[in-house]
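Have a look at the structure below, then the notes.
The values are calculated or read from the model by the stated rules, or taken from the named source; none is laboratory data. Quick caveat: nothing in here was measured; it's all calculated off a predicted structure. Note that each Cβ is placed from the backbone with ideal geometry, even for glycine, and that neighbours are counted across all protein chains shown. SASA here: full protein model, heavy atoms, side chains in, ligands and nucleic acids out. Shrake-Rupley method; radii C 1.70, N 1.55, O 1.52, S 1.80 Å.
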Amino acid sequence: FEPLGIIKGDKIIQKTKVPDWIKNSNEKTKTEFLAALMGSDGQRITKAKNAKGDFNAIRFSFNKLESLEKEAFEYAHEIKDLFESLGIEISNISKREGNIRKNGDKTLKIVITLKKDTINTTKFLEKIGYRYCKEKEIEGIKWLAYLKTRLFLKKQREEIYKKALELHKKGIGKTKISKELNFNEAQIRDWIYNNMKPGLPKSFPD
């Protein structure tokens, strides 16, 4: 593995780079590389505590000696470039306090945060996800199915919303629109009279 750029020994005390052959490789190789990184040091997707059906931002982190801060950020930007080459947006790269090793050396933690929205997160779970960690893989698959269902239903309701507005412009009232589109009259009323935008129904499961 040496010719492929593997790090020998303790990676925290050495500078890390993404090998050129990975940077210049095809999408499948980049995907497998990132999926393996996320399976090892990536944060699994978790449910947000304060919002129904919402999730926390997904992060990838690693530690380096404080003396390697510059090299650590360079590596983080290489990872960011790989994600973005696959269409996955990164919202932030930050530095946090690390720990103190047995020999007294201080480390810092670099955190890469994926942009937290349903489309970007779905794209990450569908295209990359996690490898070599069963728990993360299973959670990723569950969340992917859930988020794709949310996106599908939201798009479906947006289409009905557009049709409702078009019919209303023709002078048709909420009751007739409801019957025409076979959709809840109270929701049609909110759309055409109260300027409310389409979203997920309150009954959508957590």
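Structure notes:
- Think of a 1.4 Å ball rolled over the protein heavy atoms: the range 108-206 then has 64 Å² of accessible area per residue.
- Over 29 Å between alpha carbons, listed pairs LYS109/LYS155; LYS8/LYS115; LYS11/LYS134; LYS8/LYS80; LYS106/LYS127: LYS109/LYS155; LYS8/LYS115; LYS106/LYS127
- Solvent-accessible area of TYR193 with every protein chain in place, 1.4 Å probe, in Å² to the nearest 10: 120 Å²
- Across the protein chains, with a 1.4 Å probe defining accessible surface, the residues ARG96, ARG131 rank ARG96, ARG131 from largest area downward.
- Stokes-Einstein D (µm²/s) once Rh is taken as the Kirkwood radius of the range 11-70 over alpha-carbon pairs, at 10 °C in 1.306 mPa s: 113 µm²/s
- Straight Cα distances below 16 angstrom link LYS154 to the lysines LYS52, LYS162, LYS163, LYS197, LYS202, with same-chain residues fewer than 8 positions distant left out.
- With the helix formula -39500 (n - 2.57) applied to DSSP H stretches of n ≥ 4, the chain reaches a computed 222 nm mean residue ellipticity of -15500 deg cm²/dmol.
- Diffusion coefficient, µm² s⁻¹, Stokes-Einstein with Kirkwood Rh over alpha-carbon pairs of the range 74-145 at 4 °C and 1.567 mPa s: 93 µm²/s
- Across the chain, counting alpha-carbon atoms alone, Rg and Dmax equal 23.1, 78 Å.
- Net charge over other residues, Cβ less than 15 angstrom from the Cβ of ILE188 (K, R count +1; D, E count -1): +4
- Formal net charge of residues neighbouring GLU135 (Cβ-Cβ distance under 13 Å; K, R +1; D, E -1): +3
- For the pair the range 146-206 and the range 5-77, the centres of their Cα atoms are 41 angstrom apart.
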